[in-house]
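Enquirer: Here you go, one structure.
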Amino acid sequence: MNQDAELIEALKEISRDKGIDQSVIFEAIETSLVTACKKNFSPSSNIKVVIDQDLGKVQVYLQKTVVEDVVDPNIDIGLDDAKKVNVRYGLGDIVDVPVTPRDFGRVSAQTAKQVVVQKFREAEREILYNEFSAKERDVITGLVQRRDRKNIIISLGKLDAALGPSDQIPNEEYNFQDRIKVYVTEVKQTPKGPQVSVSRTHPELVKRLFEQEVPEVYVGLVEIKSISREAGSRTKVAVHSKNPNVDPVGACVGQNGYRVNVIVSELKGEKIDIVLWSRVPEKYIAAALSPSEVMAVVANPEKMSAKIVVPDYQLSLAIGKGGQNAKLAAKLTGWRIDIKSLSQARATEFIPEDAYARYNHLYQEDDD
């Protein structure tokens, strides 16, 4: 097998292995050879390079226009000379005149190598980008590699991603070779290849974990309506099912708490409150304050605010340490909430007395 045939066979094999269209490689080589060959001719010359994709033969042509009077022999050819090439040529036609530039064999080999290497890099970057962009806004598993200043470098297999400080769960330890799940927030194409941004604190991480662990969520029988999260501490998840035969909270909790405990374990002990979503604001707000018991809710839809009354002994539980439970409930529902204990409410006429009876009556109504 001659060298030209070997080159073609090698290019075809590379094309198959790397998933690069063979025509793209040859087109790039031809373009690069045109640039290289122009160094042998006048800047005004029009160079054409053609590679036989079966035999590997490379031919260089000077493209000249057929004219009556030749002004620049690099770009013009007389009519008589043109007809010697082909009697059909006429004025204004383009004639391809075969030429052999100096050191063409060496130049063509170097150029082909450079182009192929460049195309490999571009193709591999594109393949990687397509692979990871398909995983954007999804959860993938990675291995902790090392710490780089404040970043944690996570191996995702074919590339690494940096877990920035704001995307790390507070007080979570990241040890070498730890297997962790991360949420892909963004995939960008850069000159150095795809750059993947990941997070352990994003609320959508929790949603994707529920989709992985709870079949009812994955297939859409149970819908996650809202999530509010303080990563590493507590998350509230509001769930709903349009099928009256499916208990959305029970499905997410699992038998003996197995399903939710798998997610809690992945999040290194982060507490998760699974609450029942309701189109009735009072019910939804009360559920969002779990695990606290609620005695009454008075909602103001115009201001998206609500007044809540809880038993005296549960006020601290309803508010939570540092106000966390109340803040998460407000974020989950989208309502501003004001909480008072029963004794505080009655001492200040916080809500009308009949509000307690009206609130209890809500639970006797159907909530479709």
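Enquirer: Please give the number of the condition Val264 fails out of (1) at pLDDT below 95; (2) out of contact with any helix residue (DSSP H, G or I) (no Cβ under 8 Å at 6 or more places or on another chain); (3) among the hydrophobic types (A, V, I, L, M, F, W, C).
Expert: Unmet for Val264, out of (1) at pLDDT below 95; (2) out of contact with any helix residue (DSSP H, G or I) (no Cβ under 8 Å at 6 or more places or on another chain); (3) among the hydrophobic types (A, V, I, L, M, F, W, C): (1).
Enquirer: Let me ask something else. Would you mind telling me which numbered condition in (1) out of contact with any strand residue (DSSP E or B) (no Cβ under 7 Å at 6 or more places or on another chain); (2) part of a loop (DSSP other than H, G, I, E, B); (3) surrounded by fewer than 18 Cβ atoms within 10 Å (Cβ to Cβ); (4) of a type outside the set (A, V, I, L, M) Gly250 fails?
Expert: (2)
Enquirer: For the stretch 159-176, what are the residues that are farther than 15 Å from Thr201 by Cβ, under 16 Å from the mean Cα position of the chain (by Cα) and not in a strand (DSSP E or B)?
Expert: Leu159
Enquirer: Let me ask something additional. May I ask you to list the residues in the stretch 345-368 that are in a helix (DSSP H, G or I) and touching a helix residue (DSSP H, G or I) at 6+ places or on another chain (Cβ under 8 Å)? I'd like the intermediate steps shown before the answer.
Expert: Of all residues in the stretch 345-368, those in a helix (DSSP H, G or I) come to 345-348, 354-362.
Within the stretch 345-368, Tyr359, Leu362 meet the criteria.
Enquirer: Please count how many residues of the stretch 139-158 are surrounded by 14 or more Cβ atoms within 10 Å (Cβ to Cβ) and not in a strand (DSSP E or B).
Expert: Qualifying residue count, the stretch 139-158: 1.
Enquirer: Next question, about the same structure. Within the set of pairs 6 or more residues apart or between chains, which connect a residue that is in contact (Cβ under 8 Å) with a residue 40 or more places away in the chain inside the stretch 51-64 to a residue that is surrounded by 14 or more Cβ atoms within 10 Å (Cβ to Cβ) and assigned to a loop (DSSP other than H, G, I, E, B) with Cβ atoms less than 7 Å apart?
Expert: Val60/Pro101
Enquirer: Further, regarding this structure: How do the pairs read when you match residues in the stretch 284-310 that are in the same structural domain as Ser343 (by TED's automatic domain parsing) and over 10 Å from Ile337 (Cα atoms) with residues anywhere that are part of a loop (DSSP other than H, G, I, E, B) and charged (D, E, K, R), using Cβ under 8 Å and keeping only pairs 6 or more apart or on different chains?
Expert: Close Cβ pairs satisfying both conditions: Val310/Glu293.
The values are calculated or read from the model by the stated rules, or taken from the named source; none is laboratory data. Please read these numbers as outputs of a predicted model, since none were measured by experiment. Neighbour counts run over all protein chains shown; Cβ positions are idealised from the backbone, glycine included.
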